[in-house]
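Beneath this line is the structure, given in structure tokens, with notes to follow.
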Amino acid sequence: MPEYDVIVVGAGNAAFCAALAAQEEGASVLMLEAAPEQESGGNSRFTAGSIRVVYNGVDDIKTLVPDLTEAEIATTDFGTYTQEQFFDDMARVTQHRADPDLVELMVTRSFDTLCWMRDKGVRFIPIYGRQAFKIDGKFKFWGGLTVESVGGGPGLVNMLTEAAKKRGIELRYQTRALDLLYNGSRIEGVRVRSNEQVSELRGKSVVLACGGFESNSEWRTRYLGPGWDLAKVRGTRFNNGDGIRMAMDIGASPRGNWSGCHAVQWEMNAPEFGDLAVGDQFQKHSYPFAILVNANGKRVVDEGADFRNYTYAKYGRVVLEQPGQFAWQIFDQKVKHLQRDEYKIRQVTKVVANTIEELAQKLEGVNAQQFLNTISEYNKAVRTDIAFNPNVKDARRTEHLAVNKSNWANTIDAPPFEGYAVTCGLTFTFGGVRITTEAEVLNTDYQPIRGLYAAGELVGGLFYFNYPGGSGLTSGAVFGRIAGTSAARASKN
Ligand SMILES: Cc1cc2nc3c(=O)[nH]c(=O)nc-3n(C[C@H](O)[C@H](O)[C@H](O)COP(=O)(O)OP(=O)(O)OC[C@H]3O[C@@H](n4cnc5c(N)ncnc54)[C@H](O)[C@@H]3O)c2cc1C
């Protein structure tokens, strides 16, 4: 006799949403977490909790954030983020590769799923400051990313853990799933290692929600390519591709952008894996208001190609491809006030100088003469006749440079000047397994593997090349909920 109706592998956002949905269907649920309790929650714990959701105006925001004050409403332009906008963003940033059926589910269920999470005990607030700048006394949200969980990623995982425990969901820490038990026609459970003991746990359905392969340097090099072993990992050290491997060992079909990943600009001297005491603060996301120079003293990318949300996830790769895998972000005092909080942490590699010449000498590893030439050419190329506005794509750009900046271009001439050293920080991998719209895993004959479901990072087919900020949590929540519901229903058959 099976011990559990549903076994969920993992204890991040996708796993908790699966577990809560399965429990809601009346299933007995066991969650397995490889990490010890203090490191539990996977990458979800490392996030800012920013979550992309469709909303049609302030009333929808009020539904998600019931304690929004009248003063906040009066001083905020939330705008809208319609289904069409979310569809367009997914199509554009993935270069039309994203699976339309999976995208449709993520987009159309996003609002409803966040309301469901709120009913389970997750609280959300608007992301003032990072996603809206105050101009003329009013905040204006931009880039489709408007709410975050209270307490960020740690808050999200804590609220989800509490919600699960309150509903009698069993959660075993330091229990790593090793293999799936499979009789050739359906799933029968999971083989696990816990306390140096290997044992078998019986379950009628299994939901794999145990992340991608970002923490596995061997797989990174194998699939993302040479050099990716040198990237820093932004989050958990526990996501080694186990879920993908376990599923493929019993015939699951691989899917998606296996050579692609989400990777950002990240503090150059950050540790190998994320540090929960620092969280996501090693990231350096105010580059749209800066310029980025490499060891040769040259600019390498259009820092202002789009809002931060639509470029940050692909610019880590750009930095990884530079000589020495580093670059410096350069700011002057005109834009310093736009720097996000992460620039103020103690663990930064930062230089400050009163002249550009002094800065050139302080940027370690950079060709100083070429750097001075770059600044001089850049300053001359800025269209200062166009007004600067960080809340919109202002088209204040450079012209006639080998690499132009399309928006938010400001001359660099107001001392003191600042440089921040960044390298590539890998967030999560895009390749995964193939699922149906019920989140059931398909085999290489495109038949469902009975009793096996998947959600979160290890689902392939959603993200290619790039990613609209805040969609990882949305994807995990929507597909986790679907997977949990499907797994619970299947366990009754
Ligand atoms: C620094 C950082 C900031 C981010 N910021 C955001 C953000 O603000 N908004 C956003 O949408 N996304 C953000 N992301 C991306 C986001 O974290 C992920 O897309 C999302 O959390 C993935 O959820 P998940 O549940 O699939 O995986 P995870 O949250 O990583 O959970 C995987 C779980 O599986 C466990 N596990 C792994 N292998 C096994 C095994 N064999 N047996 C048992 N358990 C196992 C892990 O310990 C973990 O608990 C960020 C990521 C990082 C690293």
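Can you say whether S205 is away from the ligand (no atom under 15 Å from the Cβ) and either in a loop (DSSP other than H, G, I, E, B) or not aliphatic (A, V, I, L, M) (or both), as far as the supplied structure shows?
For S205, the condition - away from the ligand (no atom under 15 Å from the Cβ) and either in a loop (DSSP other than H, G, I, E, B) or not aliphatic (A, V, I, L, M) (or both) - is met.
Does segment 141-164 contain at least one residue that is at pLDDT 95 or above, among the aromatic types (F, W, Y) and in contact with a Ser or Thr (Cβ under 9 Å, 6 or more places away or on another chain)?
no
Enumerate the pairs (first residue in segment 237-251 and touching a residue at least 24 places away in the same chain (Cβ under 8 Å) and open to solvent by 20 Å² or more (accessible area, probe 1.4 Å); second residue anywhere and in a helix (DSSP H, G or I) and near the ligand (Cβ under 8 Å from one of its atoms)) with beta-carbon separation below 7 Å, excluding pairs fewer than 6 apart on the same chain, so at least 6 apart or on different chains.
Close Cβ pairs satisfying both conditions: F238/G42.
Any idea which residue in segment 115-138 is modelled with the highest pLDDT, counting only those that are under 17 Å from the mean Cα position of the chain (by Cα) and open to solvent by less than 20 Å² (accessible area, probe 1.4 Å)?
I127
What do you reckon, is K405 away from the ligand (no atom under 16 Å from the Cβ) and crowded, with 24+ Cβ neighbours inside 10 Å?
Yes.
Within segment 442-469, work out how many residues are of a type in the set (D, E) and surrounded by 24 or more Cβ atoms within 10 Å (Cβ to Cβ).
Summing the residues that are of a type in the set (D, E) and surrounded by 24 or more Cβ atoms within 10 Å (Cβ to Cβ) in segment 442-469 gives 1.
Confirm whether A490 is in contact with a Lys or Arg (Cβ under 8 Å, 6 or more places away or on another chain) and either farther than 30 Å from D99 by Cβ or assigned to a helix (DSSP H, G or I) (or both).
Spelling it out, A490 is indeed in contact with a Lys or Arg (Cβ under 8 Å, 6 or more places away or on another chain) and either farther than 30 Å from D99 by Cβ or assigned to a helix (DSSP H, G or I) (or both).
Hey, G451 hits all of (1) touching a helix residue (DSSP H, G or I) at 6+ places or on another chain (Cβ under 7 Å); (2) away from the ligand (no atom under 15 Å from the Cβ); (3) farther than 29 Å from E24 by Cα but one; which does it fall short on?
(3)
Can you name every residue in segment 162-196 that is among the small types (G, A, S) and surrounded by 14 or more Cβ atoms within 10 Å (Cβ to Cβ)?
A163, A164, A177, G189, S194
Scan segment 226-242 and tell me whether some residue there is among the hydroxyl-bearing types (S, T, Y), within 19 Å of the chain's Cα centre (by Cα), in a loop (DSSP other than H, G, I, E, B) and within 12 Å of the ligand (Cβ to nearest atom).
Scanning segment 226-242 turns up at least one residue that is among the hydroxyl-bearing types (S, T, Y), within 19 Å of the chain's Cα centre (by Cα), in a loop (DSSP other than H, G, I, E, B) and within 12 Å of the ligand (Cβ to nearest atom).
(1) at pLDDT below 95; (2) in contact with a strand residue (DSSP E or B) (Cβ under 6 Å, 6 or more places away or on another chain); (3) surrounded by fewer than 18 Cβ atoms within 10 Å (Cβ to Cβ): which one isn't true of A313, the others all being true?
(3)
Would you confirm whether any residue within segment 101-110 is among the small types (G, A, S), at pLDDT 95 or above, part of a helix (DSSP H, G or I) and open to solvent by 10 Å² or more (accessible area, probe 1.4 Å)?
Taking every residue of segment 101-110 in turn, none turns out to be among the small types (G, A, S), at pLDDT 95 or above, part of a helix (DSSP H, G or I) and open to solvent by 10 Å² or more (accessible area, probe 1.4 Å).
Condition test on F289, is it within 16 Å of the ligand (Cβ to nearest atom), aromatic (F, W, Y) and open to solvent by 10 Å² or more (accessible area, probe 1.4 Å)?
Considered against the rule, which asks whether it is within 16 Å of the ligand (Cβ to nearest atom), aromatic (F, W, Y) and open to solvent by 10 Å² or more (accessible area, probe 1.4 Å), F289 comes out as no.
If F141 satisfies every condition in (1) open to solvent by 40 Å² or more (accessible area, probe 1.4 Å); (2) within 25 Å of R308 (Cα to Cα); (3) aromatic (F, W, Y) but one, which is the exception?
Exception for F141: condition (1).
Return yes or no: is G212 out of contact with any strand residue (DSSP E or B) (no Cβ under 7 Å at 6 or more places or on another chain), open to solvent by less than 10 Å² (accessible area, probe 1.4 Å) and within 12 Å of the ligand (Cβ to nearest atom)?
no
Taking the criterion of being part of a helix (DSSP H, G or I), within 9 Å of the ligand (Cβ to nearest atom) and surrounded by fewer than 22 Cβ atoms within 10 Å (Cβ to Cβ), would at least one residue in segment 27-44 satisfy it?
Looking through segment 27-44, at least one residue is part of a helix (DSSP H, G or I), within 9 Å of the ligand (Cβ to nearest atom) and surrounded by fewer than 22 Cβ atoms within 10 Å (Cβ to Cβ).
So which of D413, D445 is among the charged types (D, E, K, R) and either farther than 30 Å from E358 by Cα or within 14 Å of the ligand (Cβ to nearest atom) (or both)?
Being among the charged types (D, E, K, R) and either farther than 30 Å from E358 by Cα or within 14 Å of the ligand (Cβ to nearest atom) (or both) holds for just one of D413, D445, which is D445.
Out of G476, G480, G472, I need the residue that is crowded, with 24+ Cβ neighbours inside 10 Å, in a helix (DSSP H, G or I) and touching a His at 6+ places or on another chain (Cβ under 9 Å). Which one?
Among G476, G480, G472, only G472 is crowded, with 24+ Cβ neighbours inside 10 Å, in a helix (DSSP H, G or I) and touching a His at 6+ places or on another chain (Cβ under 9 Å).
Here is a list: V422, V433. Which entry is closer than 22 Å to F46 by Cα and either touching a strand residue (DSSP E or B) at 6+ places or on another chain (Cβ under 7 Å) or open to solvent by 30 Å² or more (accessible area, probe 1.4 Å) (or both)?
V422
For A368, work out the one condition from (1) touching a residue at least 12 places away in the same chain (Cβ under 8 Å); (2) open to solvent by 40 Å² or more (accessible area, probe 1.4 Å); (3) over 18 Å from F289 (Cα atoms) it doesn't fulfil.
(2)
Tell me, please, whether a residue that is at positive phi and modelled with pLDDT of 95 or more can be found in segment 367-385.
No, that holds for no residue.
When you scan segment 358-413, how many residues do you find that are among the basic types (K, R) and more than 27 Å from W142 (Cα to Cα)?
2
Within segment 180-202, track down each residue that is assigned to a strand (DSSP E or B) and either out of contact with any strand residue (DSSP E or B) (no Cβ under 8 Å at 6 or more places or on another chain) or within 30 Å of F465 (Cα to Cα) (or both).
Q197
The values are calculated or read from the model by the stated rules, or taken from the named source; none is laboratory data. No experiment lies behind these values; they were computed from the predicted model shown. Neighbour counts run over all protein chains shown; Cβ positions are idealised from the backbone, glycine included. All accessible areas refer to the heavy atoms of the entire protein, side chains included, with ligands and DNA or RNA removed. Shrake-Rupley method; radii C 1.70, N 1.55, O 1.52, S 1.80 Å.
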